[in-house]
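Down below is the structure, laid out as structure tokens.
Each reported figure results from applying straightforward, stated rules to the coordinates on display, with no laboratory input. Every value quoted in this text rests on a predicted model; they were computed, and no experiment measured them.
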């Protein structure tokens, strides 16, 4: 789901199911889960290049780490979540919520 380019992580969300598993609407301003083995700390600023389903454009996102899953547990992969910030974060949140409107809360994780 993600590849590291220097200090930049890429998150290629290819379909709505993957978006539903990654997007975290319950986080203020929206959140995004990144399956990763990269060591991060709560509050750390991260830079992510993320896509949305059916779009090739990479959206530069910044955010603070607000949740960490240290290791894979059951269906939940190892990784972390960021709280989206800035204009690009607001854009990503709005677009993700449009794409997910009316979908049920079935979530599945894959790496």
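Some observations on this one:
- The length gained by stretching the chain between residue 39 and residue 59 to full extension, at 0.36 nm per residue less their Cα-Cα distance, is 4.9 nm.
- According to the Kirkwood relation over distinct C-alpha pairs, the hydrodynamic radius of the chain is 13.9 Å.
- Using C-alpha pairs below 8 Å separated by at least 6 residues, the relative contact order for the chain is 29 percent.
- Here the Gaussian network model covers the chain, with springs between Cα atoms less than 10 Å apart; of 20, 57, 83, 57 fluctuates the most.
- For the chain, modelled as a GNM whose springs connect Cα atoms under 10 angstrom apart, the maximal fluctuation among 100, 52, 19 occurs at 100.
- Estimated 222 nm signal from helices in the chain, with DSSP H stretches of n ≥ 4 weighted -39500 (n - 2.57), rounded to 500: -6000 deg cm²/dmol
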